[in-house]
Amino acid sequence: MHGFAPGNAKLPSSVKPTSPVIRYHPAVVQAIPAASRHKNPFVRAMGRSQQPAMPDGDYALKAIIATERVVHMFDGRLIEEVLVATGAEFPRNTALGRDQTPVLDTHMRYSVANVLGHARDFVRNESVWTGWIYTARGVAAAEDAYRLIQGQHLCDTSIGYLLQEFQIVPPGKSERIDGRLWRASNVPLRVVTKWRCIELSLVPIGADEGAKISNGQTQPRALSTSHFR
């Protein structure tokens, strides 16, 4: 969902946003044509890696996927936003008995060619959400991304999510929301108290500077243990 609720209005839980929010860094948004900012036109065609295929024992990667850092976003105008960690939800895959989201290439959600794998095993530690990224075996784009991560060239993650409940703190003002005090700078602060993650992306530049891949923490796919809710 893009735009604001008027004043300090809370988005009713019965209202379902029609489009997920993408946490683009403002510098990235400014480079995208205005007509395309909410339609990601950069669909990657399926291709072949120039490197040999990864062995069967490929790895999962642990990543910080979201924090409570206040980030700058462009949503029709420049705003700040914080995702309250306790308000997170993740889609449940009932067939597999676990919470799971797709892992995409830079929020490109309009083609299966841009799916790099999936994420699961989500755990909250106070204000930080972590999860495990499982790269798709035998998919060129996924293998290329994995090599960039292993070489420490690619480190950032970013989530696409639906706003379910939020309040706007006007510029320069303070508001107590759900027992916590939030203060806006010189731009509006959107405090999102309920949000649903629908995808995790590997990105060159993430809006949340705390959302990083832990390069040193890998585990064989076969040894992963899901944390069920």
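Summary of computed values
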| item | result |
| --- | --- |
| Within segment 121-168, tally of residues that are over 17 Å from T106 (Cα atoms) and of a type in the set (G, A, S) | 4 |
| Every pair of residues 6+ apart whose Cβ atoms lie under 8 Å, when the first sits in segment 71-83 and is farther than 14 Å from G160 by Cβ and part of a strand (DSSP E or B) while the second is modelled with pLDDT of 95 or more and among the basic types (K, R) | I79/R190; E80/R190; V82/R69; V82/R190 |
| Condition check for T193: closer than 29 Å to R92 by Cα and modelled with pLDDT of 95 or more | yes |
| Among (1) part of a helix (DSSP H, G or I); (2) in contact (Cβ under 8 Å) with a residue 24 or more places away in the chain; (3) surrounded by fewer than 19 Cβ atoms within 10 Å (Cβ to Cβ), the one test that I149 misses | (3) |
| Residue that is surrounded by the fewest Cβ atoms within 10 Å (Cβ to Cβ) [pool: residues in segment 163-176 that are free of Cβ contacts under 8 Å to residues at least 60 places away in the same chain and in a strand (DSSP E or B)] | R176 |
| Residues that are crowded, with 20+ Cβ neighbours inside 10 Å and farther than 13 Å from G131 by Cβ, drawn from segment 83-105 | L83, L104, D105 |
| Residues satisfying the stated conditions in segment 183-206, i.e. among the basic types (K, R), in contact (Cβ under 8 Å) with a residue 40 or more places away in the chain and within 23 Å of K173 (Cα to Cα) | R190, K194 |
| Meets criteria (touching an Asp or Glu at 6+ places or on another chain (Cβ under 7 Å) and part of a loop (DSSP other than H, G, I, E, B)) for R137 | yes |
| Residue among E175, E126 that is modelled with pLDDT of 95 or more and within 26 Å of S214 (Cβ to Cβ) | E126 |
| Tally of residues being within 15 Å of G131 (Cα to Cα) and either part of a loop (DSSP other than H, G, I, E, B) or at pLDDT below 95 (or both) across segment 196-211 | 2 |
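The values are calculated or read from the model by the stated rules, or taken from the named source; none is laboratory data. Only a predicted model underlies this, so the values are computations on that prediction, with no experimental measurement involved. Counting neighbours? That spans all protein chains shown, and the Cβs are built from the backbone with ideal geometry, glycine included.
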